[in-house]
Ligand code: ASP
């Protein structure tokens, strides 16, 4: 059995947090490969080291003095090194960073130093080998991640060591320029390392005990999700449930490696297992509920629309020409509705409307704004009778008017459109019916 363990920024924000991570790693010798993030927030309004590094770069680029910010960063690491009682001097590393920043090193180089330095500390603390991610994670000349090259180089390199620390978030382009993934990208590195090392489990240690059935800002102490499939997770993440970087799923998914989300501050909790498929039933008919506000619908009517071949394409062309992606398109016999993100659409609405008139010649177009979409997701829904019925009766009891219904072809999700103002009430009503009363 072998595992990759990735620790998020709050799990490594101080010496105390590092010790918790160290205890977790040492408690199980199969935890062979460690992927650290940069130090995150220690308390509510603290600043992440990554953000401080971006700030240094901005100042350097503007030709301003960045010494104060850089020495604050050095102070953060010094506190960790001293708190762990390590005999490690990072002064030379900071001299190099200062020099490169002055010479015009890129934004990605600056940001990547957060993980790089935390990796050096982690390797020293554990007595593990340090592998610089720039030497094993490859991006191509356009700056896109190169999965084939990375997998080859990384798996050859990892085969040579029993234990190693590989910093998250960055890699390098063919000319050696450091390149990062998007924010939160250490999750992606963890997944890439898990694939290359062909481990049995990718443990992702963070500050929550996995995914929750609903947003805790709306539901007081929601239940946790024990097992979720990649597909369900995609649906929920897309609708705003954020614990893991979206791209972290793909490398391990191809290899059938499960991800286990765990809590560094509560290691006794089992957390959430993310798997390809499972025969384990979820505790409730639904696995999770997520949603987002701020959509608008464009309702298009035309008599005999159903008989006009190509009508849908012409309507969608008007959106495409304006660079707007659509979310859902429920349709009736003589009506077609397109749901889009309000903030994307707002500035271009009249252009799109003119485009639809020109291309599709509809009888009327009406726009409604301030709508919310809620996804009710669950692999159990397919085989359970009356799920949709229960959702809608719960919503009607809660006095929520349903504006749109869309059931994905996978039968694993039902999307409901409601007014923004009904969003929280609707989520509470759905949670109540499936989780609290377990109907
Ligand atoms: N440190 C980076 C960030 O703050 C990457 C990560 O933590 O995953 O986004």
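Each value in this text was obtained by applying a stated rule to the coordinates, not by laboratory testing. These numbers come from a predicted model, not from an experiment. A quick note on method: Cβ atoms are made from the backbone with ideal geometry, for glycine too, and the neighbour counts reach across all protein chains shown.
Using a simple spin-label model with points 7 Å from Cα along the Cα→Cβ vector, what separation in nm is obtained for residue 420 and residue 124?
Output for this residue pair reads 5.0 nm.
Listed highest first by mean packing, meaning other Cβ atoms within 10 Å per residue, what order do 115-126, 210-221 come in?
Top of the packing list down: 115-126, 210-221.
Using 0.36 nm per residue, how much length does the chain from residue 87 to residue 148 gain when fully extended, once their Cα-Cα distance is taken away? Intermediate values should be presented prior to the final figure.
Details: separation 61, 0.36 × 61 = 21.96 nm, distance 3.81 nm.
So the extension gain works out to 18.1 nm.
Working from Cα positions, state the angle (0 to 90°, nearest 10) between the long axis of helix 15-26 and the longest principal axis of the chain.
Once rounded, the angle reads 90 degrees.
So if I average 1/r over every pair of distinct C-alpha atoms in the range 229-355 and take the inverse, what Kirkwood radius in Å does that give?
18.0
How many nm is it between the label spots at residue 370 and residue 175, if each spot is 7 Å from the Cα in line with the beta carbon?
Label at residue 370, label at residue 175, 5.2 nm between them.
If you take the square roots of the eigenvalues of the alpha-carbon gyration tensor of the range 97-154 and sort them as a ≥ b ≥ c, do you get rounded (a/c under 1.5), prolate (a/b over b/c) or oblate?
oblate
Once you have the Cα-Cα distance between residue 432 and residue 29, take 0.36 nm times their residue separation minus that, and quote the gain in nm to one decimal.
In short, 140.9 nm is gained.
I need the shape label for the range 34-154. Rule: rounded when a/c is under 1.5, else prolate if a/b > b/c, else oblate, with a, b, c from the alpha carbon gyration tensor.
oblate
Which of 370, 226, 132 moves the most in a Gaussian network model of the chain with Cα springs under 10 Å?
Result: 370 has the largest fluctuation of those listed.
I need the semi-axes of the equivalent ellipsoid of the range 10-62: take the C-alpha gyration tensor, multiply each eigenvalue by 5, square-root it, list largest first in whole angstrom.
That gives 29, 14, 6 Å for the three semi-axes.
With no solvent and one point on each alpha carbon, what is the Debye value of log10 I(q)/I(0) for the range 105-206 at q = 0.11, 0.19, 0.20 Å⁻¹?
These q points yield log10 I(q)/I(0) values of -0.29, -0.92, -1.03.
What is the calculated FRET efficiency for residue 62 to residue 41, with r their C-beta to C-beta distance and R₀ = 30 Å, to the nearest 0.05? Kindly include the intermediate steps, with their values, before the conclusion.
Working: r = 26 Å, r/R0 = 0.86.
Computed FRET efficiency for residue 62 and residue 41 comes out at 0.70.
I need to check one value: relative contact order of the chain, counting alpha carbon pairs closer than 8 Å and at least 6 residues apart, in percent.
13 percent.
Give me the angle, in degrees from 0 to 90, between the Cα long axis of helix 349-360 and the longest principal axis of the Cα atoms of the chain, rounded to the nearest 10.
Roughly 50 degrees between the two axes.
If you find the alpha carbon centre of the range 101-117 and of the range 282-303, how far apart are they in angstrom?
Each part reduced to its Cα centre gives a spacing of 41 Å.
Considering the alpha-carbon set of the range 311-439 alone, what are its Rg and its Dmax in angstrom?
For the range 311-439, the Cα-based Rg and Dmax read 16.7, 52 Å.
How tilted is helix 186-197 with respect to the longest principal axis of the chain? Cα atoms for both, answer in degrees (0 to 90, nearest 10).
The answer is roughly 70 degrees.
Once you place label points 7 Å from the Cα toward the Cβ at residue 405 and residue 309, how far apart are they in nm?
That separation, rounded to one decimal, is 3.2 nm.
Report the gain in length on full extension from residue 159 to residue 135: 0.36 nm times residue separation, minus Cα-Cα distance, nm rounded to one decimal.
Here the answer is 7.2 nm.
Sticking to Cα atoms, compute the Rg of the range 65-111 to one decimal and its Dmax as the biggest Cα-Cα distance, whole number, in Å.
For the range 65-111, the Cα radius of gyration and maximum Cα-Cα distance read 11.7, 35 Å.
Using the Cα atoms of the chain to build a convex hull, what is its mean projected area in square nanometres?
So the Cα hull casts an average projection of 24.2 nm².
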